[in-house]
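The values are calculated or read from the model by the stated rules, or taken from the named source; none is laboratory data. Just so you know, these numbers come straight off a predicted model, no measurement behind them. Neighbour counts run over all protein chains shown; Cβ positions are idealised from the backbone, glycine included. Note: accessible area is taken over every heavy atom of the protein model, side chains too, but ligands, DNA and RNA are not part of it. Shrake-Rupley method; radii C 1.70, N 1.55, O 1.52, S 1.80 Å.
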Amino acid sequence: MKNFFATRTGIVTAGVVIGSFAAVLQKVGNPANMGLCMACFERDTAGALALHRAGALQYIRPEIIGILLGACAVSLRRGEFRSRGGSSAVVRFFLGAFAMIGALVFLGCPWRAFLRLAGGDLNAIAGILGLAAGVFVGAQFLKRGFSLGRSRPAEGAAPGWVLPAAMVGLLALALADFGPLAPDVTDKVAPHAPLWISLGAGLVIGGLAQRSRFCTMGALRDLFIVRDVHLLLGVAGFAVAAFALNLAFGQFHAGFAGQPAAHTQQLWNFLGMVLAGLSFALAGGCPGRQLILAGEGDSDSAVFVLGMFAGAAFAHNFALASSGKGAGQFGPAAVVIGLVFALVVAAIMTRRRPA
Amino acid sequence: MSKQVDTRGLSCPQPVVLVLRAIQQGDQMFEVLLDSEVACENVRRLLGSRGFRIEETQAADGTVFQVSR
């Protein structure tokens, strides 16, 4: 059957719907300019699991669960679920960890970078430029033959099912209000939309993103490598829809200072996202896309997602993450280490292969 | 026998990069092996935009594109 969402109208539709969900989720309770953020939501989920205990950053985000399971359900239905893996998993783990650290120095995944801009946060511009620069560097390695190696079909179904099963487990814990997962905070828990709305939105977004291959990193990468704007049109639809609804909901406030969950140190906004963009490019997808692939049975992407959880824990346990005041004490050093790691991996794994 | 581009098991955008390289080397007729629907869509889009014709067949372990201009 022809896939409508693989067409130009389809990808724009997907982007518009996902961007609209982001604005609505903020309206009904998610944090400001954070209707959707894969990095922040994985960080909050890591916090709820006590991998870190940063105040007010602890909550099992049903959006994450929904997106992965939505993609899982749709890929099963379309016969695209395949348990597979074996492409440099440990490298992907560390790329995921460093990508998360870079994203938390900027304060957002690429989705949130565009949502911040759509909410009037002009600091996001430095982050988006950094993302583009990181993806551009990654694209140069990809054009020269960079590869983390081929994945193979798994011998059995288990590898592809571990992360979807874990998400079902997380959902059960969230629904049961499992005591030990209660946030260890004195002031307040992370602001959030009602659970069922978050979960439902996540399922729809996961399904749409699976069909359309929506990917913010891929949008820039395809522009750099093949001058193809297909995915970029989806991202444009995403940002424009969020912007329009933000205006309608009174959620648009233009400026640099005092933006929600943001800082004004543009060098670190930029370099944090260079690290994130390069890591996403080498690993083949932005955090949202990695969740989708993990839902399709790709255990390499599942390892990348787990790396992001580990990165979030490191970021908040060791003062790497930024705050409203600016970069964390050791954030800049971590970004430099991450860039060295990603560039060394890129150089080692690039070889001119015969076409 | 025409040249073969094996993209099986490669993640985005490597299938596209390999096919692009074949085009840039001036190949007018070649075969592409693919094992994911995403790669099929991406390679189809690239070849379509470069004016190639594709004949698709299903094999046991994926899809085969016979590409010609």
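In table form, for the structure just shown:
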{"read-out": "Count of segment A:280-322 residues which are within 14 Å of chain B (Cβ to nearest Cβ) and either of a type in the set (D, E, K, R) or part of a helix (DSSP H, G or I) (or both)", "value": "19"}
{"read-out": "Pair list, Cβ under 6 Å, 6 or more apart: segment A:73-88 residue among the small types (Gly, Ala, Ser), other residue open to solvent by 40 Å² or more (accessible area, probe 1.4 Å) and not in a loop (DSSP other than H, G, I, E, B)", "value": "A:SER83/A:PRO159; A:GLY85/A:PRO159; A:GLY86/A:ARG152"}
{"read-out": "Qualifying residue in segment A:63-80 (condition: closer than 27 Å to A:PHE314 by Cβ and part of a loop (DSSP other than H, G, I, E, B))", "value": "no"}
{"read-out": "Filter pass, A:HIS192 being buried (at least 19 other Cβ atoms within 10 Å of the Cβ), in contact with a Gly (Cβ under 9 Å, 6 or more places away or on another chain), of a type outside the set (S, T, N, Q) and part of a loop (DSSP other than H, G, I, E, B)", "value": "yes"}
{"read-out": "Within segment A:136-148, considering residues that are open to solvent by less than 30 Å² (accessible area, probe 1.4 Å) and in a loop (DSSP other than H, G, I, E, B), the one nearest to the other protein chains (Cβ to nearest Cβ)", "value": "A:SER147"}
{"read-out": "Subset of segment A:264-279 [part of a loop (DSSP other than H, G, I, E, B) and either in contact with a Phe, Trp or Tyr (Cβ under 7 Å, 6 or more places away or on another chain) or at pLDDT below 95 (or both)]", "value": "A:THR264"}
{"read-out": "The lone exception for A:ARG213 - which of (1) of a type in the set (D, E, K, R); (2) more than 14 Å from every other protein chain (Cβ to nearest Cβ); (3) buried (at least 22 other Cβ atoms within 10 Å of the Cβ) it fails", "value": "(2)"}
{"read-out": "Close pairs from segment A:225-241: first assigned to a helix (DSSP H, G or I), partner of a type in the set (S, T, N, Q) and surrounded by fewer than 21 Cβ atoms within 10 Å (Cβ to Cβ), Cβ under 8 Å, at least 6 apart", "value": "A:GLY237/A:THR13; A:ALA241/A:SER20"}
{"read-out": "Exclusive hit being in contact with a His (Cβ under 7 Å, 6 or more places away or on another chain) and at pLDDT 95 or above, set A:GLY102, A:GLY120", "value": "A:GLY120"}
{"read-out": "Test: residue in segment A:31-50 that is touching a His at 6+ places or on another chain (Cβ under 7 Å), open to solvent by less than 40 Å² (accessible area, probe 1.4 Å) and part of a loop (DSSP other than H, G, I, E, B)", "value": "no"}
{"read-out": "Pick from segment B:21-69, criterion β-branched (Val, Ile, Thr) and open to solvent by 50 Å² or more (accessible area, probe 1.4 Å), ranking: nearest to the other protein chains (Cβ to nearest Cβ)", "value": "B:ILE54"}
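Residue-wise test of (1) farther than 30 Å from B:PHE30 by Cβ; (2) away from chain B (no Cβ under 14 Å); (3) among the β-branched types (Val, Ile, Thr); (4) open to solvent by 20 Å² or more (accessible area, probe 1.4 Å).
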{"site": "A:PHE256", "(1), (2), (3), (4)": "yes, yes, no, yes"}
{"site": "A:LYS325", "(1), (2), (3), (4)": "yes, yes, no, yes"}
{"site": "A:PRO332", "(1), (2), (3), (4)": "yes, yes, no, yes"}
{"site": "A:VAL336", "(1), (2), (3), (4)": "yes, yes, yes, yes"}
{"site": "A:LEU343", "(1), (2), (3), (4)": "yes, yes, no, yes"}
{"site": "A:ALA346", "(1), (2), (3), (4)": "no, no, no, no"}
{"site": "A:MET349", "(1), (2), (3), (4)": "no, no, no, yes"}
